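Have a look at the structure below, then the notes.
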Amino acid sequence: MSSTTTTAVADRPARLDLLAYVQIARLDHWFKNVFMLLGVVLAAFYEPSVMTWSSIAPLSIAVLATCLVASSNYVLNELLDGPNDLLHPEKRFRPVPAGRVRPALAYAEWLLLAAAGFGLALSLNWYFFASAAWLWLMGIAYNVPPLRTKEWPYLDVLSESVNNPIRLLLGWFALVSGRFPPVSLAVSYWMVGAFFMAMKRYAEYRHIGDPKVAAAYRGSFAYYTEDRLLISLFFYATACALFAGIFIVRYHPELILFAPLAAGLFAYYMKLGLQHDSPVQNPEKLYRQRGFMVYLVVCTVMFIALMFTSIPSMYDLFNVAPSGMTPLWTLGQPQP
């Protein structure tokens, strides 16, 4: 542990502030585990037999295990970010920089949350456990010196957003073991997360307003500029579209109809990110953006519907062979 971290969490009050320990576990960030949904949808697409009432129990265990492991990462993040949070106009009021947390107890919380999550993960299967362990190890890589990837330009975005495909695997392995989902979609999902995270970095950088203060708060901001972050957004969106296209053409051309909605989602999120004091700085509060949330729900429903819909004429139009997956319903008649 660095000396700066020790200083930031020193001189704690004698009274135990239980609320502070709940807050550093960031229960309000559990919503991010909705990204497991894509893995569940893929499992239902490739293995329809897994979608029975008996699947509710393992899915519930999987979600709880993922939430516990994620909270373990959040506790570590709060502890090691304490010194830097003191330099942020809002984050300096968090429990650690505000002096409400005892380091020893918080580290115990970090380990106990991980142990509880791993115990639940092991009750499912080894593939799910390995994915949960990967999620936890990425939290260490992201936060702990000397690696601490959050301080490195571009690597900070990519190492955080890789949690997207990890959550995809967690949703998948909650129901299917011994097989892997398509890598092309997993990479595309990674780039979706990278786009969202880079937009958050852009909004944070603009909000701080002073490059020197920004660099003191986060090492990667010493390299970033608004232009560089905007260019990276273009890269992540393009990479996402490329790998999504591979998945669509190879496995399910019906999703071509989803492409305009997906493009609109990127554009909507970027619009929010470009606002003054942008709400994307705190994704856990995006539920307040009602228009965006409605659009997100529409996109989700349309994606799931198209995943289980067959439109045979599209295969002739784009000259691709059917994937062989059985749809829940069919639109139109198959070509003879």
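The values are calculated or read from the model by the stated rules, or taken from the named source; none is laboratory data. All of these numbers come straight from a predicted model, not from anything done at the bench. Here the Cβ is made from the backbone with ideal geometry for all residues, glycine too, and neighbour counts use every protein chain on show.
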Picked from the range 214-251 (must be of a type in the set (S, T, N, Q) and surrounded by fewer than 17 Cβ atoms within 10 Å (Cβ to Cβ)), the residue farthest from the chain's Cα centre (by Cα) is THR225
(Q) It is to be established whether one or more residues within the range 215-230 are at negative phi and touching a Leu at 6+ places or on another chain (Cβ under 7 Å). (A) yes
PRO97: passes all of (1) touching an Asp or Glu at 6+ places or on another chain (Cβ under 6 Å); (2) modelled with pLDDT of 90 or more but (2)
* **Test: residue in the range 60-80 that is over 30 Å from SER188 (Cβ atoms) and without any contact (Cβ under 8 Å) to a residue 40 or more places away in the chain** => no
All conditions in (1) in a loop (DSSP other than H, G, I, E, B); (2) buried (at least 16 other Cβ atoms within 10 Å of the Cβ); (3) not hydrophobic (A, V, I, L, M, F, W, C) are true of ASP277 except (2)
Considering only helices (runs of 4 or more DSSP H) wholly within the range 16-123, the ones with at least 1 residues that are over 30 Å from ARG179 (Cβ atoms) are 18-24, 56-85, 103-122
